[in-house]
Amino acid sequence: MRTRTHVIRTRVLSAVTAGGALLALSGCGAADMTKQASPYANAAGAKTVTLSVQSWVGAQADVAVAEYLLKNELGYRVDKVQIDEVPAWDALSQGRVDAIMEDWGHPEQEQRYVKDKKTIVPGGDVGVTGHIGWYVPTYFAKKHPDVTDWKNLNKYADQFRTSESGDKGQLMDGSPSYVTNDKALVKNLGLDYEVVFAGSEAAQITQIEQFAKQKKPFLTYWYKPQWLFEKVPMTEVKLPAYTEGCDADPAEIKCAYPHTPLQKYLNADFAKKGGDAAKFLKNFKWSEEDQNEVSLMIADKKMSPDAAAKKWVEQNEAKWRAWIPE
């Protein structure tokens, strides 16, 4: 149950194209990482860890807390690399990064790198289950309860029209770079809707908040865990039930997105020789509530990831202390 539904969500950090250079975000500053191995890989015993940073705020929260503890509790230098999801697997396999802290499922990459080449190993559950769906604002769902069944969406298409969707209802997605099933779903379910991309997670959040402020109806692709539900309650539209394999052919998809336990992955050499850092990253596991708390501080309170991580760490020692290797 995974990849067909994985998404690339954007916030704060600039995107990197699949074929482009990977951007180092810390340590010595921005640098071309395509010709640079992880500092760990070329310096046995060096207390440096390179983490891949996925571009959505939940993954950013994972990395922020891991980075803070690696630095302040274990004495590591932490380099971060902004990279899209599939290229992150390539970089991890090649040792250009040491760990991916949150993966929503990539069966093809798992088969290639984990099972066949054995250059990547599972790092355990993040502790959070991800789910993608279509949502309407709860204030609209309360007035029109049947809108939460996809079979009734065409009845409301005119209320979801925007200047971008023309004479069809608007289904708002995030970035054109996202991997979603939405265009196929709209077509295959016979819905009178147009998928309109906001451009990024941040732009999508801005539009959702604007709609909510004006109490306007909207239909949007969204996902959990996500701190925005605390500010803008949204109700999921029930799509045809997900069954294993129902999304095998992207062109024929007619089913909902699955619920996906999010995973960590480590470079295989790093997992063996990475010492306390590797042990710590394997031990890292927190709840959806914990992740949302840090995500909200970053995305809504506009705190720096480091400041948000510091605040969470100071208030939750009982949780993270168990992650520190003895």
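The values are calculated or read from the model by the stated rules, or taken from the named source; none is laboratory data. Everything numeric in this text was worked out from a predicted model, so none of it was measured. As a convention, Cβ positions derive from the backbone with ideal geometry for all residues, glycine included, and neighbour counts pool all protein chains shown. Note: areas computed on protein heavy atoms with side chains; ligands, DNA, RNA excluded. Shrake-Rupley method; radii C 1.70, N 1.55, O 1.52, S 1.80 Å.
Just to be sure I understand, how many residues within segment 234-286 are open to solvent by 30 Å² or more (accessible area, probe 1.4 Å), closer than 21 Å to Leu51 by Cβ and out of contact with any Asp or Glu (no Cβ under 8 Å at 6 or more places or on another chain)?
8
Would you call Gly133 assigned to a strand (DSSP E or B), touching a residue at least 40 places away in the same chain (Cβ under 8 Å), touching a helix residue (DSSP H, G or I) at 6+ places or on another chain (Cβ under 9 Å) and among the small types (Gly, Ala, Ser)?
Answer is no for this residue.
Any idea how many residues of segment 197-208 are farther than 13 Å from Ala299 by Cα and not in a loop (DSSP other than H, G, I, E, B)?
Here the count works out to 3.
State all residues of segment 290-322 that are modelled with pLDDT of 95 or more and in a loop (DSSP other than H, G, I, E, B); if no residue qualifies, say none.
Of everything in segment 290-322, those that are modelled with pLDDT of 95 or more and in a loop (DSSP other than H, G, I, E, B) turn out to be Met303, Ser304, Asn316.
To keep it simple, each residue is scored yes or no on (1) over 30 Å from Ala61 (Cβ atoms); (2) part of a loop (DSSP other than H, G, I, E, B); (3) without any contact (Cβ under 8 Å) to a residue 40 or more places away in the chain.
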residue	(1), (2), (3)
Asp146	yes, no, yes
Gln170	no, no, no
Thr180	no, yes, no
Ala184	yes, no, no
Val195	no, no, yes
Val237	no, no, no
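So is Lys231 open to solvent by 10 Å² or more (accessible area, probe 1.4 Å), out of contact with any Leu (no Cβ under 8 Å at 6 or more places or on another chain) and touching a residue at least 60 places away in the same chain (Cβ under 8 Å) or not?
Judged against the criteria, Lys231 is a match.
Regarding Leu189, is this residue surrounded by 18 or more Cβ atoms within 10 Å (Cβ to Cβ) and farther than 30 Å from Lys285 by Cβ? Spell out how you get there, then give the answer.
Working: surrounded by 18 or more Cβ atoms within 10 Å (Cβ to Cβ): no; farther than 30 Å from Lys285 by Cβ: yes.
Spelling it out, it is not the case that Leu189 is surrounded by 18 or more Cβ atoms within 10 Å (Cβ to Cβ) and farther than 30 Å from Lys285 by Cβ.
Just checking, how many residues over segment 245-262 are touching a helix residue (DSSP H, G or I) at 6+ places or on another chain (Cβ under 9 Å) and outside any loop (DSSP other than H, G, I, E, B)?
5
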